[in-house]
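Notes for the one structure printed next.
The values are calculated or read from the model by the stated rules, or taken from the named source; none is laboratory data. These figures come from a predicted structure and were not determined experimentally. A quick note on method: Cβ atoms are made from the backbone with ideal geometry, for glycine too, and the neighbour counts reach across all protein chains shown. Ligands, DNA and RNA are stripped out before the accessible areas are found, and what is left, the full protein with its side chains, is counted by its heavy atoms. Shrake-Rupley method; radii C 1.70, N 1.55, O 1.52, S 1.80 Å.
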There are 4 protein chains.
Amino acid sequence: MAVRVAVAGASGYAGGEALRLLLGHPGVEIGAVTGNASAGQPLGVLQPHLVPLADRILEATTAEVLGGHDVVFLALPHGQSAAVAEQLGDDVLVVDMGADFRLRNPADWERFYGSPHAGTWPYGLPELPGGRAALEGSKRIAVPGCYPTAVSLALAPAYAADLVEPEAVIVAASGTSGAGKSAKPHLLGSEVMGSMSPYGVGGGHRHTPEMIQNLSAAAGRPVNVSFTPTLAPMSRGILATCTAKARPGITAGDLRAAYEKAYADEPFVHLLPEGRWPATAAVHGSNATQLQVAYDEFAGRVIVISAIDNLTKGTAGGAVQSMNIALGLPEATGLSTIGVAP
Amino acid sequence: MAVRVAVAGASGYAGGEALRLLLGHPGVEIGAVTGNASAGQPLGVLQPHLVPLADRILEATTAEVLGGHDVVFLALPHGQSAAVAEQLGDDVLVVDMGADFRLRNPADWERFYGSPHAGTWPYGLPELPGGRAALEGSKRIAVPGCYPTAVSLALAPAYAADLVEPEAVIVAASGTSGAGKSAKPHLLGSEVMGSMSPYGVGGGHRHTPEMIQNLSAAAGRPVNVSFTPTLAPMSRGILATCTAKARPGITAGDLRAAYEKAYADEPFVHLLPEGRWPATAAVHGSNATQLQVAYDEFAGRVIVISAIDNLTKGTAGGAVQSMNIALGLPEATGLSTIGVAP
Amino acid sequence: MAVRVAVAGASGYAGGEALRLLLGHPGVEIGAVTGNASAGQPLGVLQPHLVPLADRILEATTAEVLGGHDVVFLALPHGQSAAVAEQLGDDVLVVDMGADFRLRNPADWERFYGSPHAGTWPYGLPELPGGRAALEGSKRIAVPGCYPTAVSLALAPAYAADLVEPEAVIVAASGTSGAGKSAKPHLLGSEVMGSMSPYGVGGGHRHTPEMIQNLSAAAGRPVNVSFTPTLAPMSRGILATCTAKARPGITAGDLRAAYEKAYADEPFVHLLPEGRWPATAAVHGSNATQLQVAYDEFAGRVIVISAIDNLTKGTAGGAVQSMNIALGLPEATGLSTIGVAP
Amino acid sequence: MAVRVAVAGASGYAGGEALRLLLGHPGVEIGAVTGNASAGQPLGVLQPHLVPLADRILEATTAEVLGGHDVVFLALPHGQSAAVAEQLGDDVLVVDMGADFRLRNPADWERFYGSPHAGTWPYGLPELPGGRAALEGSKRIAVPGCYPTAVSLALAPAYAADLVEPEAVIVAASGTSGAGKSAKPHLLGSEVMGSMSPYGVGGGHRHTPEMIQNLSAAAGRPVNVSFTPTLAPMSRGILATCTAKARPGITAGDLRAAYEKAYADEPFVHLLPEGRWPATAAVHGSNATQLQVAYDEFAGRVIVISAIDNLTKGTAGGAVQSMNIALGLPEATGLSTIGVAP
């Protein structure tokens, strides 16, 4: 029998991607779709690519509308999930694609988001050590940020195997959909086409504490992160270049072995054969992570590069994968490793 | 029981798209994948987005390799399909994504392709009048060109309903994948990004006689076509702006009624509600055609605009749709109307 | 002695392009730069590419600020130029890059803009018959729209030489900067990258009456226009595909001769050698128009394709060119035919 | 009296950019333009944006053709400059935009280029300590690589002021023109649009030893570099994110002061005001470098981000700037700090 799923925040990019995937999920029936300013409009105006839902009218995002579903996906602005979630019963699986419940340390939340911490939910990155167990049977899921997904999958094995020093330097490029659908001048097509630019430089990006949390857990001790995000002229995709100084005596073979072992059985993480490198185009629209590792012996650094689709594996695909685990469904149901390329 | 399908020309864009769709087709088992210069290489090098087939080795494109499959998709350069097809038995369904068997008039073929005409096969555009019947049970399918698909779906209802004069003026923009994967300087990213340019102007494009053939059949008398294709800075998608002078006395209501009637039951052609216009992004990776019609009373012209994904509905999706009909499977099996956007 | 030029509306794309060109104009000294909501901000925040003006503070757009300059460029929203212009003395050269004073027929203005007609100024397209004479010594200039520039240069010679029928069918693709810098959701990078879409279909685009005005003047009798604009995934550039039915008996030679004669001495219009086609990349940032003509004998139509930079020749470059003529300076001063490519 | 300049390799991107800039240089007359496979073709076919040179015919790249000019720009494949240069007299200023004469250490050359080292010429990055003096009056100039230009300008002041540890971690994104105009499948528009991908990971990029050379010279002791280049979906531009661990006790103020001092008088290096970040669009087509510095106190790292146009400041603009110095002309002649944006 199909699980009934509501999507709150269906007018934005994360909500739209959740609907795209849920439409292809054989065990799901799509229930309410809600918006805020867009309530009352047909979805076809806001998400013209979702043809089967074109005539659906967005409802208001209220507990009345969302209640009575088996699962509720929240694609709301940061800070708004807690108020909605607490009105939904404990029998409802709530999947929050926002940031509200990702961080364990209230001080981190307060420093980066400037509001009281709402709490911590099981974290929706099954590939991390212990990740699946935390999600099984859970009724609350905090979906990771897109950058932390790409970066944690890239570096966790190296930290878990103690191959690198606890200071990571990360530079990542993201497609513009990561910045959302709010109309801001610097996100206009005229501004972003043909241009690369950084933002949140110097430790200011809100995803940094989440990376630190994940990598420190993998390492079993504090890891520090220097993270610089950049905006790339493409709609989707994250390419994360993740480096750390190698532990003395490490070899390229050690490195490769650790990654082969970590991801041998993972359906959505693909260590590429040697000599091939990830490209975001290859994971466009798919839930796959493609990655490659290198050991630069001259610089003494390990470099791991991962590519994901920020909206799929980085947001809505990770959310569906975690939902599947929480509900006891086969983990890959409704998800694909096949990208849309070229 | 699954149908075994081979894909010849699996290294290119059409072949890759066929494999992408066939991987998601529940009634298909993928058999041989073949190439020419790329034979011997793993598919993962050539089509890194097709993760489940990454370790498949391309074989040579020979009758021995292709024989023994239930269906063979040909994604070969124009003029090469006939030699392969004639070696395949009449019990094999051959789906030719090249141009060889599209045209009925040998003189047209010879003028535009400069070689002897190989013949004419049932034409894989089920939405045209009589289109489905021609495909049912067929063992040979000529998949339409990408531009003729977009243009014929846009204008056939107007001609079938005798609403427009028999001189169509068409300007279409295509993504660069329509030009194939051969490395040519004018197709380099540095050249195409930020640039629009025309080609094949003045009646020279090989898809022109195919449009004339389809529209004349819909009209029941000769239709002439002025067609100008342009290359747009995007990987996929065709936006076709198709216009013709309105018959005297036509109203906007007549026009809309004709299209509503023509496509009311078509799973892959969507006439948009009034006030909304197609965009190629909305059909990215999907088998949908989105279209809208307008009657410009000042200029006395009908304007129909269609958007398709040139590789999906325009090539490999249309091929799978036609294969389904030929095999007696539900027509939409393995195909989607949901685009990957943004 | 340098001419002092003020630019009103310096925060937008047209104003920014005017400043870019004026900075390179040896006879110009840049005076006030003004904005509306952006008044008080340094130009470096709004136009980071204009390094020499980075520390200039935008002033309010008032007659006090603009008065006392030799020339005032207006880059204001449509309908706002008249109120500013009437406060500037007859001794000031006012160059309006908005639409207010382009149309001769008040009824056209009212139908397309919905407000009272402010008047008609000398039209800044020197290459049209009589174009230069109208500008010499003038103190008021209405700069043409970007699409009418591309289209009028493409078709005026054919109409002036009576080679085509008076019904033109035009489809043009524009870069997103033509839609301005106001943040609107459909202009977000995420939406426009990878997508082509039409707008203003069916005669609704405000540039249509301007094209009709220009082409009718060239023909010496009424010309009708069917115009469909499309938005292309690039920041700059217009590619206009302009077609009309050929007059009986016309040859390709007649056509080429007419264009060679029309543009033999024009510094900014380049008829390409036969066999080569315009591309917007080739005119990126330049004041050049590149065009090519073809006669499709099968369809009986003339096809003229032009490429311009919508912000340069299509707006600010045309404005500077017209200013030069009005001031008696050499027409090409401060302008270039060299594009920035690739 | 004008200096006569020849450009060898005029069919490629570096050669085309050199011609674009030299056309705007008031002290230069363009002499021979040469190619290899393209000899005999008009430049208009190969570089359609260079309208004033459209009818120039490319000659063969021989000493006879190049001799007799005051200056010869070489835009040849790596390894081919030496053979040409040695046939040109000592009275000719030879400006090599290839790699042949950049490196001081023959072992570095041999390891990265696999051929005998041709020698070392004065290095064309005037902004480095001692950079201008080395170029004055010189008859041979080795133009830096595009990445080393962006990276060295970003980090040299921090090393010169001893503010950072001698291990730099650099990730840079480049537009596709940096990969040249040879038609290779992975550089097709269909492949690069919508995609970010790395290459030369793990110390393998040929520009790494050049960065090490420059930064070590600035530091006065060995600096090690981990460099990862990535290919971005844009034609032009480099965004370099350059980080190094801060020396103990360093403050953000120390950092900013060092950069303000280093670049206060540099015409082509612009330290942005605090709070603003470089974007490649702002330097499109200009010879400017825009940069910003940050001190991440949590990670203990200095982050410097620079944006250049890889073809202008990164290649041909740097070449013209160095030529000006060598010839005793004002350094900025023919160069601009104004980008073409949006």
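Brief remarks on what is shown
- Pairs are defined by a Cβ separation below 8 Å, a sequence spacing of at least 6 or placement on different chains, a first member in the stretch D:201-224 that is within 29 Å of residue A:240 (Cβ to Cβ), and a second member that is of a type in the set (Lys, Arg) and part of a helix (DSSP H, G or I); the pairs so defined are D:209/D:111.
- Candidate set from the stretch C:116-134 (those that are in contact (Cβ under 8 Å) with a residue 24 or more places away in the chain and small (Gly, Ala, Ser)); member that is surrounded by the fewest Cβ atoms within 10 Å (Cβ to Cβ): C:119
- Checking residue B:223 against (1) open to solvent by less than 40 Å² (accessible area, probe 1.4 Å); (2) more than 17 Å from residue B:301 (Cβ to Cβ), the condition it does not meet: (2)
- Complete set of residues in the stretch A:40-54 that are more than 11 Å from chain B (Cβ to nearest Cβ) and open to solvent by 40 Å² or more (accessible area, probe 1.4 Å): A:40, A:41
- Conditions (1) touching a residue at least 12 places away in the same chain (Cβ under 8 Å); (2) open to solvent by less than 10 Å² (accessible area, probe 1.4 Å); (3) touching a Gly at 6+ places or on another chain (Cβ under 8 Å); number of the one not met by residue A:194: (2)
- Within the stretch B:24-38, the set of residues being away from every other protein chain (no Cβ under 12 Å), of a type outside the set (Asp, Glu) and open to solvent by 40 Å² or more (accessible area, probe 1.4 Å) comprises B:36 only.
- Residue A:57 fulfils the conditions (1) within 14 Å of chain B (Cβ to nearest Cβ); (2) more than 24 Å from residue B:277 (Cα to Cα); (3) of a type in the set (Val, Ile, Thr) except for a single criterion, (2).
- When residue C:290 is tested against (1) within 14 Å of chain B (Cβ to nearest Cβ); (2) part of a strand (DSSP E or B); (3) under 20 Å from residue B:196 (Cβ atoms); (4) over 16 Å from the mean Cα position of the chain (by Cα), only condition (4) is not met.
- Residue among D:195, D:190 that alone is over 22 Å from the mean Cα position of the chain (by Cα) and assigned to a helix (DSSP H, G or I): D:190
- Filtered by the rule that a residue be of a type in the set (Phe, Trp, Tyr) and in contact (Cβ under 8 Å) with a residue 60 or more places away in the chain, the stretch B:238-297 gives B:259, B:263, B:268.
- Qualifying residue in the stretch D:146-163 (condition: open to solvent by less than 10 Å² (accessible area, probe 1.4 Å), within 12 Å of chain A (Cβ to nearest Cβ), under 29 Å from residue D:47 (Cβ atoms) and not in a helix (DSSP H, G or I)): no
- Residues of the stretch D:240-281 satisfying the condition of being assigned to a helix (DSSP H, G or I), out of contact with any helix residue (DSSP H, G or I) (no Cβ under 9 Å at 6 or more places or on another chain) and basic (Lys, Arg): D:256
- Restricting attention to the stretch B:147-196, the residues that are within 21 Å of residue C:230 (Cβ to Cβ) and of a type in the set (Gly, Ala, Ser) add up to 14.
- Criterion: closer than 28 Å to residue C:281 by Cβ and part of a helix (DSSP H, G or I) - qualifying residue of D:334, D:314, D:285: D:314
- Among the numbered conditions (1) assigned to a helix (DSSP H, G or I); (2) more than 25 Å from residue A:43 (Cα to Cα), the only one that residue A:125 does not meet is (1).
- Against the criterion of being open to solvent by less than 10 Å² (accessible area, probe 1.4 Å), part of a helix (DSSP H, G or I) and under 27 Å from residue A:141 (Cα atoms), residue A:306 does not qualify.
- Summed over the stretch C:235-270, the residues that are open to solvent by 40 Å² or more (accessible area, probe 1.4 Å) and of a type in the set (A, V, I, L, M) give a count of 4.
- In the set D:204, D:180, only one residue is of a type outside the set (Val, Ile, Thr), under 21 Å from the mean Cα position of the chain (by Cα) and more than 28 Å from residue A:167 (Cβ to Cβ); that residue is D:180.
- Only residues that are in contact with a Phe, Trp or Tyr (Cβ under 8 Å, 6 or more places away or on another chain), over 23 Å from residue D:181 (Cβ atoms) and facing chain A (nearest Cβ under 10 Å) were counted in the stretch D:199-239, giving 7.
- Each residue in the stretch A:60-115 was checked for being more than 22 Å from residue A:325 (Cβ to Cβ), open to solvent by 60 Å² or more (accessible area, probe 1.4 Å) and within 19 Å of the chain's Cα centre (by Cα), and 3 of them qualify.
- When residue B:323 is tested against (1) more than 9 Å from every other protein chain (Cβ to nearest Cβ); (2) touching a helix residue (DSSP H, G or I) at 6+ places or on another chain (Cβ under 8 Å); (3) open to solvent by less than 30 Å² (accessible area, probe 1.4 Å); (4) hydrophobic (A, V, I, L, M, F, W, C), only condition (2) is not met.
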